[in-house]
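This report refers to the structure that appears directly beneath it.
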Amino acid sequence: MSDAPSLRRALGRWDLTAIGVNQVIGSAIFLLPADVARLVGPWGPLAFISVGLLSLSIALCFAEVGSRFEKTGGPYLPARAAFGRFVGFEVGWMMWFTRATSQASVANGLALALAFYWPSLALGAPRATVIAVLTLALTWINVRGVKQSSWVVNTLTIGKLVPLALFIIVGIWYIEPSHFAVMPPVTRDQVSTAAILLIFAYGGYEVTGVLAGEAANPRKDVPFAFVATMVTVSIVMALTSLVATGVLPDLEGTRTPLADGAAIFLGVTGALVISAGSVVSMTGNNMGQILNGSRSLFALAENGDLPRWFARVHPQYHTPSNAILFTAGVALILGLTGSFVALAAVSAIARLVMYLAVCASTLVLRRREPAGDVGPAQFTVPFGSVVPVMASVVALGILAGATAGQLTSGAVALAVGAVLFMVAPRNKGT
C-alpha cells in the first residue's frame with residue numbers, strides 16, 4: 001500500500017480561507033438583509049455583527065481541534081477520536097449528506113437565477129441541461145486536481161466579493177442617517193428568530209478543515225483559515241447589511257435588497273453587476289460543495305468506516321476520484337428530480353450534530369495525551385472552557401429554533417446513518 005497514490009498537499013492557508021469564505025457567502029447574502037430587517041428593522045447590522053461573533057466562538061473550537069490533525073475529514077476526525085467510531089461516522093455521514101443535497105439545491109437555484117434573463121431555462125429540458133452541464137463541468141475540474149479546483153474557487157470567491165465590495169464602498173456614501181434615527185423596540189422572539197436565521201446564514205465555515213489532508217501545513221494553516229474566514233465574512237455581511245439598511249427606504253418590502261440598493265447609487269448597470277455576482281456566488285458555492293462533500297466521503301472510507309472503493313486516489317491527478325464522481329452523481333440525481341427539497345430540512349440538525357460534536361470534542365481532547373492521528377494542539381482557544389461551553393450554547397440555539405419537520409428529517413437521516421454504519425463493510429482494525 002506504500003506505493004499507492006496519495007492526495008497532493010497543494011493548498012496554502014489562503015486557499016483554505018477562500019474555500020471557507022466561498023461556502024459561507026453564497027446566494028443568501030444577496031437576499032438576507034431584507035429578511036433580517038423584517039424581524040428587527042434597523043437593528044439588522046448590529047444583529048449581523050453580533051451573530052458573527054457568536055459564530056466565531058464555534059469556529060474557534062473547529063480551529064483548535066483542526067490543529068490536532070493532518071488528515072482529510074474535518075469535524076469527523078475529532079468526533080471519532082473523542083467519542084468513538086459510531087459518533088464519528090454519524091458526523092461524517094451528515095456532513096456528506098448535507099453537502100450533496102446543498103449541491104443539488106444550489107444548482108437548481110442557479111438555473112432559476114439564469115432564467116431571470118432567459119425564461120426558458122426555468123423548466124423542462126433547458127433547466128435539466130443547465131444543472132447537468134454545471135455539475136459535470138465542476139466535477140471534471142475537481143477530478144483533474146485539487147490545485148486546479150482551488151484556483152477556480154479562488155477566482156469565483158473574488159468574483160463574488162468584488163460586487164459586494166463595490167456595493168459597500170460606493171453605497172456607504174449614500175447612507176441616510178435618518179434611517180437609524182429611530183431604533184424601534186424589538187421583542188425577544190424577534191431577536192431569537194433573527195439570531196437563528198443568521199446562525200444558519202453564517203454556516204458553511206465547518207468545511208474549512210475538511211481538506212486538511214491536501215494542505216501544505218494543516219496544523220497551522222487550518223486554524224488560521226477558520227479565524228480568517230469568520231473575520232472576513234462577518235465584516236462583509238455586517239457592512240452589506242449596514243449599506244442596505246441605510247440606502248433603501250423600504251428594506252423590509254424588497255425581495256432583492258442588494259440589487260435594488262445598487263440601482264439607487266449605481267443605476268441599472270450596478271443592479272446587473274450585483275445580479276451577476278449572485279450567479280458567480282452560486283457557481284462558486286456549488287464548486288465548494290463537490291470539493292468538500294467528496295472529501296467527507298473519502299475520509300470515512302480512508303478510516304475504514306466505508307468500503308475502500310470510496311478512498312481510491314486517482315493515480316495521475318491525486319484526487320479522490322471515486323468519491324468525487326459518486327457525490328456528484330447523487331447530487332445530479334437529486335437536482336434533476338427535485339428530491340433535494342424534501343431533504344433540505346436535514347441541514348439544520350446536521351449542523352447541530354457537527355457543531356456540538358466539535359465543541360464537546362474540544363474539551364475531551366484537551367484531557368487526553370496525543371496518540372495515533374491525534375497530535376498536540378497547535379492552536380488553543382483562550383479562556384479555558386468558557387468559549388467551548390458558550391459555543392455549545394450557541395449550537396443548542398439551532399436546536400431551539402428547529403421546526404418539527406427539521407427534527408423529524410434530522411432523526412431519519414441519523415437513523416439511516418446508523419443503519420449504514422452497521423451494514424457497511426469496514427476495516428475493524430482501522
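The values are calculated or read from the model by the stated rules, or taken from the named source; none is laboratory data. Please read these numbers as outputs of a predicted model, since none were measured by experiment. Here the Cβ is made from the backbone with ideal geometry for all residues, glycine too, and neighbour counts use every protein chain on show. Calculation scope for accessible area: heavy atoms of the full protein, side chains included, ligands and nucleic acids excluded. Shrake-Rupley method; radii C 1.70, N 1.55, O 1.52, S 1.80 Å.
Helices in the chain, meaning DSSP H runs of at least 4 residues, each add -39500 (n - 2.57). Divided by all residues, the mean residue ellipticity at 222 nm is -23500 deg cm²/dmol.
Given the Cα-Cα distance of V412 and R8 and 0.36 nm per residue of separation, how much length would full extension add, in nm? Display every interim value, and only then the final one.
Numbers: separation 404, 0.36 × 404 = 145.44 nm, distance 3.60 nm.
Between V412 and R8, full extension yields an extra 141.8 nm.
Each label was represented as a point 7 Å from its Cα along the Cα-to-Cβ direction; for T129 and A216 these points are 4.3 nm apart.
For region 230-342, the Kirkwood radius over C-alpha pairs fed into Stokes-Einstein at 37 °C and 0.692 mPa s yields D = 189 µm² per second. Restricting attention to the chain, lysine pairs at least eight places apart or on different chains and with alpha-carbon atoms under 21 angstrom apart total 5. Among A328, Y174, V374, flag the residue with its Cα farthest along the positive direction of the charge dipole of the chain, charges on Cβ as +1 for Lys/Arg and -1 for Asp/Glu. Comparing the listed Cα positions along the dipole, V374 ranks first.
Per-residue 3J(HN,Hα) values for region 240-249, derived from phi via the Karplus relation 6.51 cos²θ - 1.76 cosθ + 1.60 with θ = phi - 60°, read 4, 5, 4, 5, 4, 5, x, 9, 7, x Hz in sequence order (x marks Gly and Pro).
What the phi angles of region 35-43 give under the Karplus curve with 6.51, -1.76 and 1.60, with θ = phi - 60°, is a coupling list of 4, 5, 4, 5, 8, 10, x, x, 6 Hz, glycine and proline written as x.
Shape annotation for region 95-162: C-alpha extents along the principal axes are 35, 31, 22 Å, from largest to smallest.
Could you compute the longest span of the chain free of trypsin sites (Lys or Arg not before Pro) located in DSSP loops and having at most 14 other Cβ atoms within 10 Å, not counting the site residues? Kindly include the intermediate steps, with their values, before the conclusion.
Numbers: sites that count: R255, R367, R368, K428.
In the chain, the maximal stretch lacking such sites is 1-254.
Seen through its C-alpha gyration tensor, with square-root eigenvalues sorted a ≥ b ≥ c, region 163-202 comes out oblate because a/c lies at 1.5 or above while a/b is not bigger than b/c.
Based on the Cβ-Cβ distance of F180 and A122, what FRET efficiency does E = 1/(1 + (r/R0)^6) give at R0 = 41 Å, to the nearest 0.05? Kindly include the intermediate steps, with their values, before the conclusion.
Details: r = 39 Å, r/R0 = 0.95.
The value I calculate is 0.60.
Leaving out ligands and nucleic acids, note down the accessible area per residue over the chain with a 1.4 angstrom probe, in whole Å². Show your work: numbers first, answer last.
Details: 17200 Å² over 430 residues.
Computed with neighbouring chains in place, this is 40 Å² per residue.
Considering only V210, V191, V353, the Gaussian network model of the chain with Cα springs below 10 Å gives its largest mean-square fluctuation to V191. Its Cα centre serving as origin, the chain has a Cβ charge dipole (Lys and Arg +1, Asp and Glu -1) of approximately 1040 debye.
The HN-Hα couplings worked out from phi for region 54-60 by the Karplus form 6.51 cos²θ - 1.76 cosθ + 1.60 (θ = phi - 60°) are 5, 5, 4, 4, 6, 4, 5 Hz, whole numbers, x standing for Gly and Pro. Compared with the alpha-carbon gap, the fully stretched path from T193 to A115 is longer by 24.9 nm at 0.36 nm per residue.
Heavy atoms only, probe 1.4 Å: what % of the accessible area of region 17-126 goes to carbon and sulfur, would you let me know?
75
Taking the Cα centre of region 154-231 as the origin, how large is its charge dipole in debye, to the nearest 20, when only Lys and Arg (+1) and Asp and Glu (-1) carry charge on their Cβ atoms? All intermediate terms of the calculation are to be shown ahead of the outcome.
Values: 4 positive and 5 negative charges, 23 e Å.
It comes to approximately 100 debye.
Each label was represented as a point 7 Å from its Cα along the Cα-to-Cβ direction; for L166 and K147 these points are 3.2 nm apart. With respect to the chain, whose longest principal axis is taken over its alpha-carbon atoms, helix 85-115 is tilted by about 40°.
Relative to the current alpha-carbon distance between W173 and A400, full extension at 0.36 nm per residue lengthens the span by 77.8 nm.
Diffusion of the chain by Stokes-Einstein, at 4 °C in a medium of 1.567 mPa s and with Rh set to the Kirkwood radius over alpha-carbon pairs, works out to 59 µm²/s. Taking amide hydrogens as placed 1.01 Å from N in the peptide plane, the amide H of K71 sits under 5 Å from that of no residue at least 5 positions away in sequence or on another chain. Atom-type composition of the exposed protein surface of region 262-419 places 70 percent of the accessible area on carbon and sulfur (1.4 angstrom probe). Take the Cβ atoms of V423 and L272, set R0 to 56 Å, and the FRET efficiency comes out at 0.60.
Calculated from the alpha-carbon coordinates, region 190-287 shows an Rg and a Dmax of 16.8, 49 Å respectively. Taking all protein chains together and a 1.4 Å probe, the residues F97, F383 rank F383, F97 from largest to smallest accessible area.
Give me the net charge of G12's neighbourhood, meaning all other residues with Cβ under 14 Å from the Cβ of G12; Lys, Arg count +1, Asp, Glu -1.
Values: positive: R8, R9, R13, K147, R219, K220; negative: D15, E214, D221.
Net local charge, G12 excluded: +3.
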